[in-house]
Amino acid sequence: MSSNGKFDIKNLKRAWESGDVSQLMANYAEGFKQTEMDASTPPSNPRLRTRQQFADVVESGLARGAKMTLSNLVPGQKQAAYGFSCLMPSGVKMVGNTILELKNGKIIKDTTVQVLDK
């Protein structure tokens, strides 16, 4: 979030790509919810996370050396979106797309569809 209360997707990109969990989580509202879908959690049974659960997963992944790259940024003040790729230290690659719902310059909902190497 920028200092003027508007959502700044470039700031989100910088936070993800630098691995700065504190800066990253400053973009997410207290009541944030994530819905994540992949091969093991299809749309009929997606993975659901609270803000704290999301922060824990992000912190754990970045601490293990995962590297995120955001692309195809679609800025907005009510909704935004981006594509991403994540390279794990093991060489496994994950790619996906995320749609964000925003309120008062913060992310309130994240819907992510992703796939990774087996």
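The values are calculated or read from the model by the stated rules, or taken from the named source; none is laboratory data. In this text the structure is predicted, and so the values were computed from the model without any measurement. All Cβ positions, glycine included, derive from the backbone under ideal geometry; neighbour counts span all protein chains shown.
Tabulated values for the structure
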| read-out | value |
| --- | --- |
| Any chance Gly105 is among the small types (Gly, Ala, Ser) and surrounded by 13 or more Cβ atoms within 10 Å (Cβ to Cβ) | yes |
| Residue check for Leu70: out of contact with any strand residue (DSSP E or B) (no Cβ under 9 Å at 6 or more places or on another chain), of a type outside the set (Gly, Ala, Ser), at pLDDT 95 or above and buried (at least 17 other Cβ atoms within 10 Å of the Cβ) | no |
| Residues (touching a strand residue (DSSP E or B) at 6+ places or on another chain (Cβ under 9 Å) and closer than 15 Å to Asp56 by Cα) located in the stretch 1-24 | Trp16, Gly19 |
| Residue count for the stretch 73-94, restricted to those that are under 21 Å from Ala29 (Cα atoms), among the aliphatic types (A, V, I, L, M) and surrounded by 15 or more Cβ atoms within 10 Å (Cβ to Cβ) | 2 |
| Counted residues, the stretch 22-48 - those being in contact with an Asp or Glu (Cβ under 6 Å, 6 or more places away or on another chain) and surrounded by 17 or more Cβ atoms within 10 Å (Cβ to Cβ) | 1 |
| Residues of the stretch 96-118 that turn out to be assigned to a strand (DSSP E or B) and within 22 Å of Ser44 (Cβ to Cβ), as a count | 13 |
| Residue count, the stretch 1-18 (criterion: farther than 15 Å from Tyr82 by Cα, surrounded by 17 or more Cβ atoms within 10 Å (Cβ to Cβ) and at pLDDT 95 or above) | 0 |
| Cross-chain or 6+ apart pairs with Cβ under 8 Å, the stretch 102-118 first and over 9 Å from Lys78 (Cα atoms), then of a type in the set (Val, Ile, Thr) and not in a strand (DSSP E or B) | Leu116/Val92; Asp117/Val92 |
| Residue list for the stretch 20-76, filter: in a loop (DSSP other than H, G, I, E, B), more than 19 Å from Leu116 (Cα to Cα) and in contact (Cβ under 8 Å) with a residue 24 or more places away in the chain | Ala26, Asn27, Pro75, Gly76 |
| Evaluation of Phe84 against (1) farther than 24 Å from Leu116 by Cα; (2) part of a strand (DSSP E or B) (one fails), failing number | (1) |
| Glu59 being among the charged types (D, E, K, R) and touching a Pro at 6+ places or on another chain (Cβ under 8 Å) | no |
